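Asks: Sharing a structure here in C-alpha cells format.
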Amino acid sequence: MYRKVRLVDIIRIPPQRLEEDLEQVINETIRDKLEGRIDKALGSIVAVLDIVDIGEGHILIGDGAVYYEVTFDAIAYRPELQEIVEGVVVEIVAFGAFVSVGPIDCLVHVSQVADEFMSYDEKNARLVSKETNKSLAAGDKVRARIVAVSLNEHNPHESKIGLTMRQVALGKLEWIEEEQRRKERGEKPEKARA
C-alpha cells in the first residue's frame, strides 16, 4: 500500500556545496540517500516529495560539512499481507512468475498461479495449463493477493514478497474478464466445462 509519510533525517552537506542553494542541495542529497531504500517499518521509499523544514546547521569537529535536521514528506510503498495488488509479469522461470508490483518484484510460485496444474514451457518462456489452455508470459497483467512479506533493508534485492492468484477474481486479467463474460452469458466456469 502506498502511503504519504512525514520523516525527519540528518543530512550532511559537504563543504564544496555550501555556496549553492541550500534547499536544492538538501533536496538532491536526500533523494540520493533515501529513494529506493527499503526500511522494515516504512517499506520502499519511492519518492521524496517536499522539504517541510530545515533546522539549524551544525558543524562537527574535524569535518568541514554542515549537518541539517530536515523534515520532509515522502511516498513509501509497504506491501501488506492479504492486500490485493495488480502488476505486470516481468519474468517466467520453472518455479513461477516474477511480478512487478510498484517498486518491488514479487514471486507467484507455480503452484499458486491457477487452480489447475501449470507446467513450464522453456522454449516460449511461459507457464501453460493442459486442461484449459491458459498461459502466463512476460508482459501479462495480473491481479494477486500478497501472502508473504519479508523485507531486507540491508540488501533490498533479497526482499521476498509472495503472491497467490488461486482465488476468485485473481489471476491474469484476461482470465478474469473471460470468466466474467461467461457468467454474464450464463455459462458454466471454464474448469467445469472441460
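The values are calculated or read from the model by the stated rules, or taken from the named source; none is laboratory data. No experiment lies behind these values; they were computed from the predicted model shown. Glycine also receives a Cβ, built like all others from the backbone with ideal geometry; neighbour counts cover every protein chain displayed. Note: areas computed on protein heavy atoms with side chains; ligands, DNA, RNA excluded. Shrake-Rupley method; radii C 1.70, N 1.55, O 1.52, S 1.80 Å.
Asks: If we scan the stretch 61-69, do we find a residue that is of a type in the set (A, V, I, L, M) and open to solvent by less than 60 Å² (accessible area, probe 1.4 Å)? Step through it out loud before you land on a result.
Replies: From the stretch 61-69, those of a type in the set (A, V, I, L, M) are 61, 65-66; that's our starting set.
Those still in the list that are open to solvent by less than 60 Å² (accessible area, probe 1.4 Å) too: 65-66.
Among the residues of the stretch 61-69, at least one is of a type in the set (A, V, I, L, M) and open to solvent by less than 60 Å² (accessible area, probe 1.4 Å), which makes the answer yes.
Asks: Can you tell me how many residues within the stretch 32-77 are under 12 Å from Ile11 (Cα atoms) and basic (Lys, Arg)?
Replies: Number satisfying all stated conditions: 1.
Asks: I'd like the full set of residues that are within 14 Å of Asp73 (Cβ to Cβ), in contact (Cβ under 8 Å) with a residue 40 or more places away in the chain and among the acidic types (Asp, Glu), limited to the stretch 9-55.
Replies: Passing the criteria: only Asp9.
Asks: So which residues in the stretch 124-160 are in contact with a Pro (Cβ under 9 Å, 6 or more places away or on another chain), more than 15 Å from Gln112 (Cα to Cα) and among the β-branched types (Val, Ile, Thr)?
Replies: Val149, the sole residue that qualifies.
Asks: Could you say whether any residue in the stretch 1-18 is assigned to a loop (DSSP other than H, G, I, E, B), closer than 30 Å to Val149 by Cα, of a type in the set (A, V, I, L, M, F, W, C) and in contact with an Asp or Glu (Cβ under 6 Å, 6 or more places away or on another chain)?
Replies: Looking through the stretch 1-18, at least one residue is assigned to a loop (DSSP other than H, G, I, E, B), closer than 30 Å to Val149 by Cα, of a type in the set (A, V, I, L, M, F, W, C) and in contact with an Asp or Glu (Cβ under 6 Å, 6 or more places away or on another chain).
Asks: List pairs: first in the stretch 114-125 and over 21 Å from Leu163 (Cα atoms), second in a loop (DSSP other than H, G, I, E, B) and open to solvent by less than 80 Å² (accessible area, probe 1.4 Å), Cβ under 9 Å, 6+ apart or cross-chain?
Replies: Going by the 9 Å Cβ cut-off, the qualifying pairs are Glu122/Ala94.
A quick yes/no check of all residues on (1) closer than 25 Å to Glu158 by Cα; (2) open to solvent by 60 Å² or more (accessible area, probe 1.4 Å); (3) more than 26 Å from the chain's Cα centre (by Cα); (4) at pLDDT 90 or above:
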{"residue": "Asp21", "(1), (2), (3), (4)": "no, yes, yes, yes"}
{"residue": "Asn27", "(1), (2), (3), (4)": "no, no, no, yes"}
{"residue": "Arg31", "(1), (2), (3), (4)": "yes, yes, no, yes"}
{"residue": "Glu35", "(1), (2), (3), (4)": "yes, yes, no, yes"}
{"residue": "Ile38", "(1), (2), (3), (4)": "yes, no, no, no"}
{"residue": "Asp50", "(1), (2), (3), (4)": "no, yes, no, yes"}
{"residue": "Asp53", "(1), (2), (3), (4)": "no, yes, yes, yes"}
